[in-house]
Amino acid sequence: MSPDDRKYSKEHEWVKMEDGNQALAGITVYAQDQLGDIVYVDLPKTGATIRFMEKMGEVESVKAVSDLFSPITGEVTEVNERLLDHPELVNEDPLGEGWMMRVTVSDAAELDQLMSAEEYEAFLSGLS
């Protein structure tokens with residue numbers, strides 16, 4: 001089940017609003033499951049501007065290399081440095097310790113274009 005405290009994209013990224021205009025972003029349980037064992041994560045640098053639904057990085061697994069798409073527009077204020085040495089955290093805890101970046105959100109209205117947990121679960125059920 002996807003947590004209700006975040007929004008989801010059809011590309012299987014999530015964004016969770018924190019204090020003020022700060023947000024955490026990462027990939028979903030479904031995404032990491034489809035990718036298989038993740039061996040490398042390429043994320044934007046701190047200070048970079050990411051744009052809604054544009055490529056923001058890549059995830060490499062034993063199966064494939066997949067693009068990451070930003071679920072929000074804003075400035076990257078922190079990346080999860082632990083993923084550099086331990087990319088498997090994305091497999092082990094994609095909604096927690098495997099978060100990818102913290103962003104200062106510049107347009108919170110974009111969240112309205114993303115799915116709630118319930119909508120995302122319905123979307124997933126249509127994929128099988």
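The values are calculated or read from the model by the stated rules, or taken from the named source; none is laboratory data. Quick caveat: nothing in here was measured; it's all calculated off a predicted structure. Every residue, glycine as well, gets a Cβ built from its backbone with ideal geometry; the counts of neighbours run over all protein chains shown.
The table below lists the values:
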| item | result |
| --- | --- |
| Candidate set: region 35-76, residues that are part of a strand (DSSP E or B) and of a type in the set (S, T, N, Q); chosen: the one surrounded by the fewest Cβ atoms within 10 Å (Cβ to Cβ) | T49 |
| Of all residues making up region 90-109, the number that are crowded, with 20+ Cβ neighbours inside 10 Å and assigned to a helix (DSSP H, G or I) | 1 |
| Qualifying residue in region 27-34 (condition: within 12 Å of the chain's Cα centre (by Cα), within 18 Å of R82 (Cβ to Cβ) and either modelled with pLDDT of 95 or more or small (G, A, S) (or both)) | yes |
| Tally, over region 31-49, of residues that are over 12 Å from M100 (Cα atoms) and of a type in the set (V, I, T) | 3 |
| Number of positions in region 77-86 that are more than 14 Å from the chain's Cα centre (by Cα) and outside any strand (DSSP E or B) | 5 |
| Subset of region 9-56 [among the aromatic types (F, W, Y) and over 12 Å from P94 (Cβ atoms)] | Y40, F52 |
| Positions within region 105-123 being touching a Phe, Trp or Tyr at 6+ places or on another chain (Cβ under 9 Å) and closer than 9 Å to I72 by Cα, in sequence order | D107, E110 |
| Where a residue in region 1-15 is free of Cβ contacts under 8 Å to residues at least 60 places away in the same chain and its partner, wherever it lies, is crowded, with 23+ Cβ neighbours inside 10 Å, with Cβ under 6 Å and at least six apart | H12/I27; E13/I27; E13/P71 |
| Qualifying positions in region 13-34 - farther than 13 Å from L111 by Cβ, touching a strand residue (DSSP E or B) at 6+ places or on another chain (Cβ under 6 Å) and not in a strand (DSSP E or B) | T28 |
| Boolean, D4 is of a type in the set (D, E, K, R) and under 20 Å from D85 (Cα atoms) | no |
| G20 vs. criteria small (G, A, S) and without any contact (Cβ under 8 Å) to a residue 24 or more places away in the chain | yes |
